[in-house]
2 protein chains.
Amino acid sequence: MGEQSALDLDEAPFWRSLIRITTALPRALEDHFLPETGLAITDYGVLVALSEAPEHVLRISALAATTGLSLSRISRVVDDLTRRGLVEKRKCPEDGRASNAVLTGAGLTKLEAAYPGHLARARTSVFDHLSTEDIRTAGPVLARLAAALDATPPTDDC
Amino acid sequence: MGEQSALDLDEAPFWRSLIRITTALPRALEDHFLPETGLAITDYGVLVALSEAPEHVLRISALAATTGLSLSRISRVVDDLTRRGLVEKRKCPEDGRASNAVLTGAGLTKLEAAYPGHLARARTSVFDHLSTEDIRTAGPVLARLAAALDATPPTDDC
DNA sequence: CCCAGGTGATTGAGGGTTCAACGACACTGT
DNA sequence: ACAGTGTCGTTGAACCCTCAATCACCTGGG
């Protein structure tokens, strides 16, 4: 290391913006979303993942993977959601180690109730400030970046 | 609320990518950066802000604003960095309430030592996966978004 | 001068997140 | 059948971060 060339003129602001967004966006979202809906953004992500799964059932580990959260975090979040009656936990029949998380009716209701608020936040924090052209041009780039970030963890660096 | 129209075909993936990036990027950065350099990404940001300030001096509150961190967090981070000898804290002469944080020689050295690692992380986690064209097209969009996010906090919603 | 209100920064308490260690279970080869 | 090894998920301890209360100080009006 130490042989890297500095960021060039286009890269530097790109990097700064990215850093700024990663710190400011979650805050902007959470600050309004939690009081409005009673769900943390993390909770919401878990409920969404379950709602999109077949039968509304997902292995704990699968849940961790699709939401990008750590196993221990998922464990506590699911516990919390279980306590609140929004999901249920069931031992997996064909693998005694594993557990499945199931979205309950109350969970689905809660999710549907929270959706408009989530949407509103997405609009006021992001889409209101960008043109459709912006979104069309930047979208694929962000998608590629997101995919790359998801893929990196396994290989422990180069 | 509740009158929002759903995200359209371009917006939905844009939104998902954005969420993914905001969760995965800080992790990807921190995980390698802290062990390599002994600096948390937050610490690094503070040192960078100081290094770019005239005389390497900045008010605590100014530091909070430029780094986007809360006042209480800055207070603790600066305390920690002071304990480690990387910055110094001085009462502001013309305002007894205020304090200035000053980058020490050791702090500058540390920052310079960490810079290549930071650069390397920026490359492997982001720029290696994007073309120069990507960066040129998406850069301004991200810049606009970052600016909008910085601007929103004051007005408490509509 | 003195008081009221505002601002800069710190701090205690509480919640959230992670790391590392662990218990329970599944697989593999002998 | 049975070690040995690996995987799923949970949990205790530690850390990070934020909110709200607070202290110290400044400023403006009587």
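Here are some notes:
- Amide N proximity, segment B:38-52 versus B:Ser75 label position 7 Å along Cα-to-Cβ, cut-off under 20 Å: B:42-43, B:46-47
- Sites B:Ala151 and A:Lys89 - FRET efficiency at Förster radius 51 Å, r taken between beta-carbons, to 0.05: 0.75
- Mean residue ellipticity (222 nm) of chain B, computed from DSSP H runs ≥ 4 via -39,500 (n - 2.57), nearest 500: -21500 deg cm²/dmol
- With R₀ fixed at 25 Å, the C-beta to C-beta distance from B:Ala40 to B:Arg16 puts the FRET efficiency at about 0.35.
- Segment A:24-89: C-alpha gyration tensor shape, a/c 1.5 cut-off, then a/b vs b/c: prolate
- Listed residues A:Asp128, A:Asp79, A:Asp31, most fluctuating in chain A (Gaussian network, C-alpha, under 10 Å): A:Asp128
- Segment B:110-151 shape via C-alpha gyration tensor axes, a/c threshold 1.5: oblate
- Take A:Ala40, move 7 Å from Cα toward the beta carbon, and the resulting point lies 1.7 nm from the same point in each other copy, nearest first.
- Magnitude of the charge dipole for segment A:1-46, about its Cα centre and with charges confined to Cβ atoms of Lys, Arg (+1) and Asp, Glu (-1), is about 120 debye.
- Measure of compaction for the protein assembly as shown (Cα Rg per 2.2 N^0.38 Å): 1.09
- Compared with the dominant Cα axis of chain A, that is its longest principal axis, helix A:105-125 is turned about 20°.
- Calculated on C-alpha atoms, the gyration radius of chain B divided by its Kirkwood radius gives an Rg/Rh of 1.04.
- Nm distances between copies for B:Ala6, ranked from closest, using label points 7 Å along Cα→Cβ: 4.9
- Top of B:Leu142, B:Leu25, B:Leu108 by mean-square fluctuation, Gaussian network on chain B, Cα under 10 Å: B:Leu142
- Within the straight-line cut-off of under 20 Å between alpha carbons, the lysines reachable from B:Lys110 are B:Lys89, sequence neighbours fewer than 8 places apart in one chain being disregarded.
- A Cβ-based charge dipole, computed about the Cα centre of segment A:19-158 with Lys and Arg at +1 and Asp and Glu at -1, lands at about 280 debye.
- Longest DSSP-loop-exposure-free segment, GluC sites (Glu not before Pro), chain B, at most 14 other Cβ within 10 Å: B:4-93
- Phi to ³J(HN,Hα) by Karplus 6.51 cos²θ - 1.76 cosθ + 1.60 over segment A:39-44, Hz, x for Gly, Pro: 10, 6, 4, 5, 4, 4
- For B:Arg84, label point 7 Å along C-beta direction: distances to other copies, nm: 3.5
The numbers here are math on the coordinates, done by the rules we state, and not lab data. Keep in mind that this is a model prediction, so the values were computed, not measured. For neighbour counting, all protein chains shown are included, and Cβ atoms are generated from backbone atoms with ideal geometry for every residue, glycine included.
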